[in-house]
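Report on one structure; see the data block that follows.
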Amino acid sequence: MFTEQREPSPRKKLRWSAALLLAGFLLGSLLPSLGGEVRAASQRQSIFLGDVVISEFRTSSPDSGYDEFVEIFNRTNAPVVMTGWEIRRSSSGGKAYHVYDFPSGFSLEAGQYYLIASSAYSGGVTPDFVPVKDIKVADDGGVALLDDFDEIVDAVGMDSESAYVEGDPLAPLSGNSYARMDNGCTDTGDNSADFFLQAPSDPQNSTSIPIKCLKVVNVTSTSEDDTYQEGDLIEITVQFSSNVNVTGFPTLLLETGTTDQKAIYSSGRGSDTLTFNYTVQEGDVSADLDYVDSNSLSLNGGTIIGAVGDADLTLPEPGDVGSLSDNKDIVVDNQVPPSTVSFTRYEPSKSITNEDILIFRVTF
């Protein structure tokens, strides 16, 4: 027998008499252990872009209607204590049910995943927890993560009438899984934009490699594609996945010939794009300016921090999509004349010819 739970109100304001409040509290405390129906928290008022999200879930597999799992992910670069948090599921009609309580003292580490799976789960990654009762998320239902105030931290649904959905719902599942974009890092508050459908695959668990969500997504320049010489200023911009704050003067090491030069941070604090200034020095040369390697961005004793913690400073590999040389054609000329010049007939290559036009290759 399932007992209906009183709808939780934000921050549990006192709206009832002492007697009714006590009765409601005692009744509500029994429901998780009974696995009974509950009403959704004030979902449309309380949803926000959570630091901990549902990163992947499956409601069934081609072999079993109960081969299901829910994977969560800590998007931040700091531990999140989840004592009193829980997972709930919803039918397409809006009824909500308790699924799982996180144990007292439980902490999800920075960039860590956590996997809850049913007893019929067939994946190759070991679940962190298997509930006594199956998860039983309907193919057209929804699932939500709630904090210890019964506020919805994250929700995803496959029907607009589900108690748990953000923005536009996903299409009902059938044997596949939905995974959140960018390894769980994307969270716009719209399910249809945040998730993609994928064939059955193994999710992540608490032992999987941690992921940093705050990272470099593009390196380019506000300076024109041109040739620059000694004394010229070149502005290089490094774009992150979200806004960052900066202390000190981080540097970006550039490939400039015999001596590599550093571009120094100049502006952008509080935005997602930082500007670094580089002044061409005597002897600098580059046919297509870029940084030295993917580790060329250095804190230099400072910090680059966002709302989800320290940034991952790894850059796109030089020449790859998103790198400086991929985005721009900036030439650095050291103005040193060539020491040798050679001419080679290039076309036609035969020594004797009746061609009217000869093409030579000139090598400096």
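The values are calculated or read from the model by the stated rules, or taken from the named source; none is laboratory data. Worth saying up front: this structure is predicted, and the values here are computed from it rather than measured. With ideal geometry, Cβ positions are generated from the backbone for all residues, glycine too; neighbour counts draw on all protein chains shown. We work out accessible area using only protein heavy atoms, side chains counted, and drop any ligands, DNA or RNA first. Shrake-Rupley method; radii C 1.70, N 1.55, O 1.52, S 1.80 Å.
Conditions tested, residue by residue: (1) open to solvent by 40 Å² or more (accessible area, probe 1.4 Å); (2) at pLDDT 95 or above; (3) within 22 Å of the chain's Cα centre (by Cα).
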position: Glu255; (1), (2), (3): yes, yes, no
position: Ser267; (1), (2), (3): yes, yes, no
position: Thr275; (1), (2), (3): no, yes, no
position: Asp288; (1), (2), (3): yes, yes, no
position: Asn300; (1), (2), (3): yes, yes, no
position: Val308; (1), (2), (3): no, no, yes
position: Thr314; (1), (2), (3): yes, no, yes
> When region 117-159 is examined, which residues are found to be closer than 30 Å to Asp310 by Cβ, touching a strand residue (DSSP E or B) at 6+ places or on another chain (Cβ under 6 Å) and either among the hydroxyl-bearing types (Ser, Thr, Tyr) or surrounded by fewer than 23 Cβ atoms within 10 Å (Cβ to Cβ) (or both)?
Replying inline: Pro127, Asp128, Phe129, Asp147, Val153
>> Within region 336-355, does at least one residue satisfy the condition of being farther than 30 Å from Asp187 by Cβ, modelled with pLDDT of 95 or more and of a type outside the set (Val, Ile, Thr)?
In response: no
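Among the residues of region 200-211, is any aliphatic (A, V, I, L, M) and either under 21 Å from Leu299 (Cβ atoms) or in contact (Cβ under 8 Å) with a residue 60 or more places away in the chain (or both)?
The initial filter retains those residues of region 200-211 that are aliphatic (A, V, I, L, M), namely 209, 211.
Now restrict to residues that are either under 21 Å from Leu299 (Cβ atoms) or in contact (Cβ under 8 Å) with a residue 60 or more places away in the chain (or both): 211.
Yes - at least one qualifying residue is present in region 200-211.
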> Residue check, Leu315 against (1) in contact (Cβ under 8 Å) with a residue 60 or more places away in the chain; (2) out of contact with any strand residue (DSSP E or B) (no Cβ under 7 Å at 6 or more places or on another chain), all met but one. Which one?
Replying inline: (2)
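Here are some residues: Phe343, Phe364. Which one is aromatic (Phe, Trp, Tyr), over 30 Å from Ile236 (Cβ atoms) and surrounded by fewer than 10 Cβ atoms within 10 Å (Cβ to Cβ)?
Working: Phe364 fails: over 30 Å from Ile236 (Cβ atoms).
Criteria check complete, one pass: Phe343.
Just give me the residues in region 236-258 being of a type in the set (Ser, Thr, Tyr) and under 22 Å from Asp226 (Cβ atoms), in sequence order.
Initial filter on region 236-258 (of a type in the set (Ser, Thr, Tyr)): 237, 241-242, 247, 251, 256, 258.
Thr237, Thr256 - these are the residues of region 236-258 that are of a type in the set (Ser, Thr, Tyr) and under 22 Å from Asp226 (Cβ atoms).
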> Can you tell me which residue in region 306-352 is farthest from Asn277 (Cα to Cα), limited to those that are in a loop (DSSP other than H, G, I, E, B) and of a type in the set (Asp, Glu)?
Replying inline: Asp320
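Looking at region 193-205, which of the residues that are open to solvent by 40 Å² or more (accessible area, probe 1.4 Å) and over 16 Å from the mean Cα position of the chain (by Cα) is farthest from Ala171 (Cα to Cα)?
Of all residues in region 193-205, those open to solvent by 40 Å² or more (accessible area, probe 1.4 Å) come to 193, 196-202, 204.
The next check asks that each one be over 16 Å from the mean Cα position of the chain (by Cα); those that pass are 197-202.
Details: Leu197: 9, Gln198: 13, Ala199: 14, Pro200: 16, Ser201: 19, Asp202: 21 Å.
The residue in question is Asp202.
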>> Based on this model, can you work out whether Gly189 counts as touching a strand residue (DSSP E or B) at 6+ places or on another chain (Cβ under 7 Å), assigned to a loop (DSSP other than H, G, I, E, B) and either among the small types (Gly, Ala, Ser) or open to solvent by less than 10 Å² (accessible area, probe 1.4 Å) (or both)?
In response: no
>> Pairs needed: first member in region 338-349, farther than 30 Å from Gly283 by Cα; second member anywhere, at pLDDT 80 or above and not in a loop (DSSP other than H, G, I, E, B); C-beta distance under 7 Å; at least 6 residues apart or different chains.
In response: Arg345/Phe360; Tyr346/Ile359; Tyr346/Phe360; Tyr346/Arg361; Glu347/Ile359
